Structure formats: structure tokens, C-alpha cells
Amino acid sequence: MLLIPCPWCGPRDEAEFHYGGQAHVAYPENPAALSDEEWARYLFFRDNPKGLFAERWSHTAGCRRWFNAVRDTATNEIHAVYRVGEPRPVTA
Amino acid sequence: MADSTVAVSMAVPIAGRRSPAAAYAARFEAASAGGGLRLAEIPFLTQVNLRVDPKSPAAERIGTAIGVPLPVEPGTVAGGGDLEALWLGPDEWVLLAPDGAAPGLVARLTEAAGGEHVSVVDVSAQRTTLVVAGDRARDVLAHGCTLDLHPRVFGPGRCAQTTLARAGVVLVAGEDGFRLLVRSSFAGYVAEWLLDASVEYAGPAAGA
């Protein structure tokens, strides 16, 4: 079980959170102009790194806020958490 | 026929209300007989959910209007006695007041909000309040709550939205123990769980 530090509530049990996939996936500026393939890439294609990964989490059982976390997908260590709108912090 | 049904249901006096955990009063009392633990329900508390940008002038006007500044530090409670403001999120609070205070409180909040982007909702019926107090309160809650409940971390003036035995609760720490704001539909489950978790702490009087 992970202990995830919510940027508002502090460290909480993983069971209080929901996962939201890769962070910083920008909505296309003009979706209507995209080809089917480009749209599919926006909808379905995500990075799958072994190592640091910026991803979204929602503290559903607590403050119900979305935030971002940088997690090492190999070790599950969480290197940073930051609020929505804040830039991704530099992590080692 | 439909008309008469509506008339009957609206004619039910407020004294006929039944709190979500009313059926557990006797068992709560029995579990509290040992002295180390006190379980009880506080029914029908007024709860008003408030959402407003904490930096907006409306938030300040609301704080002035209700005499309790909205707490901005996560997980804290402001006020006391007849009006408490519990931090639920960075722009969300729930205000607790005695039974019957909802219409007046909502009116005061709405007036203080002015025309700004504020949400005021009477959610009194959403949750009931369970009391887990006494020396053993922390031990009982620790059976199903992942939070650190040590008074150094979670003492009086602190509150948290979390899960107790997988049920979502708002946990409020007090001098003598805790209040649990539990959704009405979960009240029976949480009451059963509390009674089960407290068996070993109920003391000889209740356990004999």
C-alpha cells in the first residue's frame, strides 16, 4: 500500500485516492482540425516509462482535489507532489 | 390519490423525524457502560456546505457575518459552541450548528455572499454525527482508520475527511474524543462496525 502525500491533506493511504493517468496532456487547441490518427493519439496514447512519471491523482476520500505526482514506476517511490497549475518540479 | 399522499407526508411533524442511527441508542449506551469508551449519536445537527474562493471578498464577508473566520489551513476547525467551520477542501467548508439553525444560517451566508460565485447548500440530512469519546476512542478508531490519531498530530481543532472501515467520514477531534460525520445511509454500517470494534474496550460492565 502506498502512502501518498496529498498536497493539501498530507500523507494518506493509497485507498483514499484515485489514479488519473499521465499528467500534462494538453487538450488540442483545435480538436476539429485533427486527423483521426492525431485525435486517437491525444485520446489513447500515453507514455509508459520505467522510472519517473508525472501523473494525476485525485484525493477522492479526502479533500476531493486533483493534483500531480512524480512517481517512479519501478520503485513506486513518490518524488514530488504538486498542485494543479503548478509546474512540474525538477526531480533527480 | 397522489395529492393526498403528498399532503400526508408533508403533515408529518418535525418531531416525527427519525435519526439514521436512532436504532442503536440502546447498544451505544451498553457499550459505553464500561467507562473507557462512550458511543452516542448527536442527531439532526445543522450542516451547511459552503464553497467559496478563500481569497475573495465574499469569503471575508461570510467570516464576518457568521463571526467565525473560515479556516484556511487544511484539516482545521474554527469557531466552537453553536457554530463551527470545518475545512473540507481549499475552497470548501462545512458549517456545523445546532438543530434548526439551517434556514437562518443559509440566509446569512447567502446575504454575505452577495452576487459573488458562492455555493451554499443545506446538507443537514446528508450526514449524522456519531460520538466516539473516552480514553479508548483512539484505539477503537485505529481499528479502521489509517490516519495518525495521536493528539500531537490530530488533537482538538483538527478535522479530516478520510475513511473509517472503508466508509467515508469526516473526523473531528475534540477535547474528550471524536465526532464522526457519517453519511446517513452508512450510519447503520458504521454503528455496527464501531460496536464490533469496541467489544474489547467496552469493559467488564458491558462485556460481562
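The values are calculated or read from the model by the stated rules, or taken from the named source; none is laboratory data. The model shown is predicted, which means the values in this text are computed figures rather than measured ones. We place every Cβ from the backbone using ideal geometry, glycine too, and count neighbours over all the protein chains shown. With ligands, DNA and RNA removed, areas are computed over all heavy atoms of the protein, side chains included. Shrake-Rupley method; radii C 1.70, N 1.55, O 1.52, S 1.80 Å.
So if R0 is 41 Å, what FRET efficiency would B:Asp196 and B:Asn49 give, r being the distance between their Cβ atoms, rounded to the nearest 0.05? Provide the component values of the computation, followed by the final result.
Working: r = 31 Å, r/R0 = 0.75.
Taking R0 as 41 Å, the efficiency between B:Asp196 and B:Asn49 is 0.85.
Direction-averaged projected area, Cα convex hull, chain B: 13.6 nm², rounded to one decimal. Shielding by partners for peptide B:147-158, expressed as the average number of C-beta atoms from other protein chains within 10 Å of each residue's C-beta, is 1. Computed from label points 7 Å out along Cα-Cβ, the spacing between A:Val84 and B:Ser185 is 2.5 nm.
B:Ser56 to B:Glu73: extension gain in nm, 0.36 nm per residue of separation minus the Cα-Cα distance? Numbers along the way, then the final one.
Values: separation 17, 0.36 × 17 = 6.12 nm, distance 1.60 nm.
Full extension of this stretch gives 4.5 nm more.
Sequence-ordered 3J(HN,Hα) estimates for region B:15-31 from the Karplus curve with 6.51, -1.76 and 1.60 and θ = phi - 60° stand at 5, x, 4, 10, 6, x, 10, 4, 5, 9, 3, 5, 6, 4, 5, 5, 5 Hz, glycine and proline given as x. Calculate log10 I(q)/I(0) of region B:45-123 for q = 0.16, 0.20 Å⁻¹, where I(q) comes from the Debye formula with a single equal point scatterer on each Cα and nothing for solvent. Each listed q corresponds, in turn, to -0.47, -0.77. Checking Cβ-Cβ separations below 4.7 Å across chain A identifies A:Cys63 as cysteines lacking any candidate disulfide partner.
Peptide B:73-84 has a mean of 1 when you count, residue by residue, the C-beta atoms of other protein chains within 10 Å of its C-beta. Near B:Leu164, the amide H atoms lying under 5 Å from its own belong to B:Val169; only residues 5 or more places off or on other chains count, and H is placed 1.01 Å from N.
Secondary-structure-derived ellipticity at 222 nm for the protein assembly as shown, considering helices only, amounts to -7000 deg cm²/dmol, per-run term -39500 (n - 2.57) for DSSP H runs with n ≥ 4.
Looking at region B:105-208, the GluC sites (Glu not before Pro) that sit in a DSSP loop and have at most 14 other Cβ atoms within 10 Å of their own Cβ are B:Glu116, B:Glu175. For the pair A:Ala74 and B:Val123, a Förster radius of 41 Å applied to the C-beta separation gives a FRET efficiency near 0.40, rounded to the nearest 0.05.
In region A:1-37, the residues whose accessible area drops by at least 20 square angstrom when the other protein chains are added to the isolated chain are A:Trp8, A:Arg12, A:Asp13, A:Glu16; the probe is 1.4 Å and only protein heavy atoms count.
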